[in-house]
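Here's the structure we're looking at; comments come further down.
The values are calculated or read from the model by the stated rules, or taken from the named source; none is laboratory data. Computed from a prediction, not measured in an experiment: that's the story for all the values here. Here the Cβ positions follow ideal geometry from the backbone for every residue, glycine too, while neighbour counts run over all protein chains shown.
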Amino acid sequence: MEVVLEFLQEHWRSAVEILILWVFIYQLYRTFRATRGARILVGLAMIFVVLTLASQLLQLEVMQFIITRVAVVAALALLIIFQPELRMALARLGSSRLWSFNITQQEEFLSSVADAVWELSKKRYGALFAIERSIGLKDQIETGVEINGDLSSELALTIFHPKTALHDGGVVLSGERIVAASCVFSVSQTEIGDRSMGLRHRAAIGLTEESDAVTIVVSEETGAVSICVDGRIERNMDEDGFRDRLEEIFLSDREGDSDEQEATEEVVPEQLDTQDSVAPGSDRSLVSD
């Protein structure tokens, strides 16, 4: 016991340093992995590691000399080349839940989302929202028009009004703000038995199959509200149920529990909206050429 205590007294600072570095690197990885340059950096890092190990194991002195001299210059070059990706990753890191404990602010944001959705539903304005989570939606954001504004019912009604230039496509919400509108989402490639779902619903499902985003659809024909999570769609939700579902997804610690799956499986074909059988022209812009 005394040996353990002596060891802890001598090395507790090292343990704290390792923990801090691990948390920082892990959070940086989570935020950066969704950017366009992430795969390139991972590929370069793997090449660097392989060449370094090979040069040491095979004692390739010339290669070791080149790697040590090029490494510093390459690091600076990568910082310059991937500056936009690094800036976005650090911005997302700063807005991560790990550093933000203001649950009240998030509750207000979810309330604003619900208010906007139900205002659109009452007016039967077709709408598609995507709420970004840990996986970034940069590729989808780049297909739309940058907004970068606070979410409000008035702004949502303006964007999705049938006669506005931005009503086609989806709205991406990130960091409790509207980042972009008129964004293009690829439709689901999975065969969907219910043919009553238009392209707007299929695009909502498709995005949740490719990322961990949560998508919300308002039917242009009936005003029915649907929510998609992990490639599953829940349709014909009432207002109270919709608000509770948002809080369950974003505020509950049971995001991956079986309760969530059971809630999804309870949606039976008889409950599905049958009036979206013909996808309106406004939905077609959600499909890439």
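Restricted to the stretch 185-210, and to residues there that are touching a Lys or Arg at 6+ places or on another chain (Cβ under 8 Å) and in a loop (DSSP other than H, G, I, E, B), the residue that is modelled with the lowest pLDDT is 192. When 175, 126, 170 are checked against the criterion of being in the same structural domain as residue 223 (by TED's automatic domain parsing), touching an Asp or Glu at 6+ places or on another chain (Cβ under 6 Å) and either surrounded by 22 or more Cβ atoms within 10 Å (Cβ to Cβ) or not aromatic (Phe, Trp, Tyr) (or both), 126 stands alone in meeting it.
Confirm whether residue 143 is touching a Cys at 6+ places or on another chain (Cβ under 9 Å), part of a loop (DSSP other than H, G, I, E, B), among the β-branched types (Val, Ile, Thr) and under 23 Å from residue 209 (Cα atoms). Answer is yes for this residue.
The rows are residues; the columns are (1) loosely packed, with under 12 Cβ neighbours inside 10 Å; (2) at pLDDT 60 or above; (3) not in a helix (DSSP H, G or I).
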| site | (1), (2), (3) |
| --- | --- |
| 27 | no, yes, no |
| 35 | no, no, yes |
| 53 | yes, yes, no |
| 76 | yes, yes, no |
| 104 | yes, yes, no |
